[in-house]
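Worksheet for the structure shown next.
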Amino acid sequence: MATIQDVALDAGVSTATVSRVFSAPELVLEATRKKVMEAVTRLGYEPNFAAKSLRTLRTEKILVTVPDISNPFFSQVIRGVEEAALAAGYSVLLGDTRHEEAREEQYASMFRRKEADGLIFLGHRLPDVLAEMVAAKGPRTPIVNGCEFRPGLAVSSAHIDNEGAAAEVMEHLYGLGHTRVGVVTGPLVSPISSDRLAGVLAAAQRRGRASALRMAIGDFSIESGVRQAGELLDQPGPPTAIFCFSDEMAMGAIEAIRRRGLSCPRDVSLVGFDDIRFAQYLSPQLTTVSQPMEQIGHEVVRLLLDILADRTSSLQNVTLPHRLVVRSSTAPPASPG
């Protein structure tokens, strides 16, 4: 098996230079890096990253926990995380917590055992053991949140303005002439749900339509969209427009509309949230709020790397741009109201 000394001799450089090519390639001239990597390929050299971890006390791994890995929104965020992490020389460990506190605690224990250098969590809960770490070490704790911003977590975060985005949706529907609007929220314990609901209520109050608002609480899944949108449509004086707090729930709402012999948008306009890749291929194409999912992934990695490199000593809460994408699932109501 080839050694680092063999690579150095073959490339005509020192062993320290070979080491730098793997640990800090930006410090090595491109021509030298190329010579070293050619020697590595010829000799079949494999760096001992385990030994390096012992020397540096770094694993060069990032742990990412996600509440529901089957949700297409999270898959796009994770893609952004992995792209940014790999570009920086880190690999990604992925944990699907399934909204279960026990699983969150298990992954928190992994992080406490230093099986990863940093943690990115995409849910709204921070296990007690990690909250204690944050309280003790402050902003220098290598823990970052994506999507579910809550000031009380006291960690850096990347997210959109959920309240503002939801208010834009309501203004769009009111602008089309809808006065009876139904809303299918996510779990209200979630900051994104409570923020979006705040935006809904603010817009309804500005328009004097708060009393006409109808609300059902879902869980972001397609199945809850079917159930909760169905409940809204079965009420007396049903809504002529429904705003779902996720595209998955909006997909379920389309099915609920169809089951009642109604048509979207002729009878019921529909808006989702996220702009997952399926939204533009539904029939009708879904009006929705577009989140920069991969950019969120890139940004949380950047925030974490800043902490790991000791480039920041304060919290950074980054609000990324969103966009209301109007497609064919929304239209003026067939009759006023």
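The values are calculated or read from the model by the stated rules, or taken from the named source; none is laboratory data. As the structure is a prediction and not an experimental result, all values here were calculated from the model. Neighbour counts are summed over all protein chains in view; Cβ atoms, including those assigned to glycine, are modelled from backbone coordinates with ideal geometry. These area figures cover heavy atoms from the full protein model, side chains too; ligands, DNA and RNA do not enter into them. Shrake-Rupley method; radii C 1.70, N 1.55, O 1.52, S 1.80 Å.
Being open to solvent by 50 Å² or more (accessible area, probe 1.4 Å) and either touching a residue at least 60 places away in the same chain (Cβ under 8 Å) or closer than 27 Å to Phe74 by Cβ (or both) is true for just one of Ile217, Ile192. Which residue is that?
Numbers: Ile192 fails: open to solvent by 50 Å² or more (accessible area, probe 1.4 Å).
Residue meeting the stated conditions: Ile217.
Would you mind finding the one in His322, His298 that is open to solvent by 60 Å² or more (accessible area, probe 1.4 Å), under 14 Å from the mean Cα position of the chain (by Cα) and either under 21 Å from Ala116 (Cα atoms) or not small (Gly, Ala, Ser) (or both)?
Going through His322, His298 in turn, the sole match is His298.
In the set Phe245, Phe278, which member is crowded, with 18+ Cβ neighbours inside 10 Å, touching a residue at least 60 places away in the same chain (Cβ under 8 Å) and not small (Gly, Ala, Ser)?
Answer to the check: Phe245.
Only residues in the range 138-166 that are in contact (Cβ under 8 Å) with a residue 12 or more places away in the chain and open to solvent by 20 Å² or more (accessible area, probe 1.4 Å) count as the first member; pair them with residues that are among the acidic types (Asp, Glu) and part of a helix (DSSP H, G or I), Cβ under 6 angstrom, at least 6 apart or cross-chain, and list the lot.
What qualifies is Glu163/Asp195.
Look through Glu163, Glu168 and report the one residue that is among the acidic types (Asp, Glu), touching a strand residue (DSSP E or B) at 6+ places or on another chain (Cβ under 6 Å), in a helix (DSSP H, G or I) and on the phi < 0 side of the Ramachandran plot.
Glu168
Does the range 197-208 contain any residue that is part of a helix (DSSP H, G or I) and closer than 17 Å to Gly237 by Cβ?
yes
Give the number of residues within the range 102-135 that are among the aliphatic types (A, V, I, L, M), assigned to a helix (DSSP H, G or I) and farther than 15 Å from Leu153 by Cβ.
The qualifying residues number 2.
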